[in-house]
Amino acid sequence: MSGKVITSIAVLLGLAALANGVFMLFYPQQWYWSVPGVPDRGFYNQHFIRDIGMLYMLIGGAFSYGAFYTRYRFQIWLFPTLWLSCHTLFHFWEVLVGICGPIFLLIDFAGVTLPALLGLWLCWHVKREQIDA
């Protein structure tokens, strides 16, 4: 796969995570009410939303930085991808134990599952390139 495609996906993933994090940090109440499914999962907690917003900003920075700093790209992307993947698994667990219905897997897909899948794909692709080199 073209290096431009990898870089583009990483930059888009990074910018999306960074934008989400900034939104969460500076406008937690607006974020809470505007993201589908969030109000259905629990009470508004400004502190918690801002904490997670800072995490998303770090994730966004890591994917963006790794897009251009190719030497350690796998290492830079690994832990943000692990967090995104664990976050996705937690959402699946909520459905499996009946905390919320299966429809939430569709509601959450773009903001929860897709970023994890993209991160996993990026890490896999970069690791494969390292092995082939």
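The values are calculated or read from the model by the stated rules, or taken from the named source; none is laboratory data. Being a predicted model, the structure only gives us computed values, none of them experimental. Methodologically, a virtual Cβ is constructed for each residue, glycine included, from the backbone with ideal geometry; neighbour enumeration extends over all protein chains shown. Each accessible area value is taken on the protein alone, full model and side chains, heavy atoms only, with ligands, DNA and RNA left out. Shrake-Rupley method; radii C 1.70, N 1.55, O 1.52, S 1.80 Å.
Among the residues of region 35-61, write down those that are charged (D, E, K, R) and over 15 Å from the mean Cα position of the chain (by Cα). Spell out the reasoning first.
In the first step, residues of region 35-61 are kept if they are charged (D, E, K, R); the result is 40-41, 50-51.
Those that are charged (D, E, K, R) and over 15 Å from the mean Cα position of the chain (by Cα): D40, R41, R50.
Inspect all residues belonging to region 3-14 and state whether any of them is among the small types (G, A, S), within 30 Å of D132 (Cα to Cα) and modelled with pLDDT under 95. I'd like the intermediate steps shown before the answer.
Quick first cut of region 3-14, residues among the small types (G, A, S) only: 3, 8, 10, 14.
Those still in the list that are within 30 Å of D132 (Cα to Cα) too: 3, 8, 10, 14.
Okay, now just the ones that are also modelled with pLDDT under 95, so 3.
Within region 3-14, one or more residues are among the small types (G, A, S), within 30 Å of D132 (Cα to Cα) and modelled with pLDDT under 95.
Kindly list the number of the only condition in (1) part of a loop (DSSP other than H, G, I, E, B); (2) closer than 14 Å to G14 by Cα that fails for F63.
(1)
With the structure loaded, tell me whether L118 is more than 22 Å from W31 (Cα to Cα), of a type outside the set (D, E, K, R) and open to solvent by 40 Å² or more (accessible area, probe 1.4 Å) or whether it fails that test.
So L118 passes the test.
Could you list, in sequence order, the residues of region 22-80 that are over 30 Å from W124 (Cβ atoms) and among the β-branched types (V, I, T)?
Matches in region 22-80: I49 only.
State which residue pairs qualify: first residue over 18 Å from A62 (Cα atoms) and inside region 16-27, second residue open to solvent by 40 Å² or more (accessible area, probe 1.4 Å) and of a type in the set (G, A, S) in any location, beta carbons under 9 Å apart, and separation of 6 or more residues or different chains.
Qualifying pairs under 9 Å: Y27/S34.
Just one of (1) closer than 17 Å to G119 by Cα; (2) in contact (Cβ under 8 Å) with a residue 40 or more places away in the chain trips up G37, so point out which.
Going through (1) closer than 17 Å to G119 by Cα; (2) in contact (Cβ under 8 Å) with a residue 40 or more places away in the chain one by one, G37 breaks only (1).
Based on this model, can you work out whether T81 counts as closer than 14 Å to I6 by Cα and either in contact (Cβ under 8 Å) with a residue 40 or more places away in the chain or hydroxyl-bearing (S, T, Y) (or both)? Don't jump to the end; show me each part of the working.
On the way: closer than 14 Å to I6 by Cα: no; either in contact (Cβ under 8 Å) with a residue 40 or more places away in the chain or hydroxyl-bearing (S, T, Y) (or both): yes.
Spelling it out, it is not the case that T81 is closer than 14 Å to I6 by Cα and either in contact (Cβ under 8 Å) with a residue 40 or more places away in the chain or hydroxyl-bearing (S, T, Y) (or both).
What's the total number of residues in region 35-47 that are closer than 25 Å to P102 by Cα and open to solvent by 70 Å² or more (accessible area, probe 1.4 Å)?
Step one: list which residues in region 35-47 are closer than 25 Å to P102 by Cα, which gives 35-45.
If we keep only those that are open to solvent by 70 Å² or more (accessible area, probe 1.4 Å) too, we end up with 36, 40-41, 43-45.
Qualifying residue count for the region: 6.
Might you let me know whether region 100-109 holds any residue that is in a loop (DSSP other than H, G, I, E, B) and free of Cβ contacts under 8 Å to residues at least 40 places away in the same chain?
Going residue by residue through region 100-109, those that are in a loop (DSSP other than H, G, I, E, B) are 100-102.
Narrowing further to those that are free of Cβ contacts under 8 Å to residues at least 40 places away in the same chain: 101-102.
So far as region 100-109 goes, yes, one or more of its residues are in a loop (DSSP other than H, G, I, E, B) and free of Cβ contacts under 8 Å to residues at least 40 places away in the same chain.
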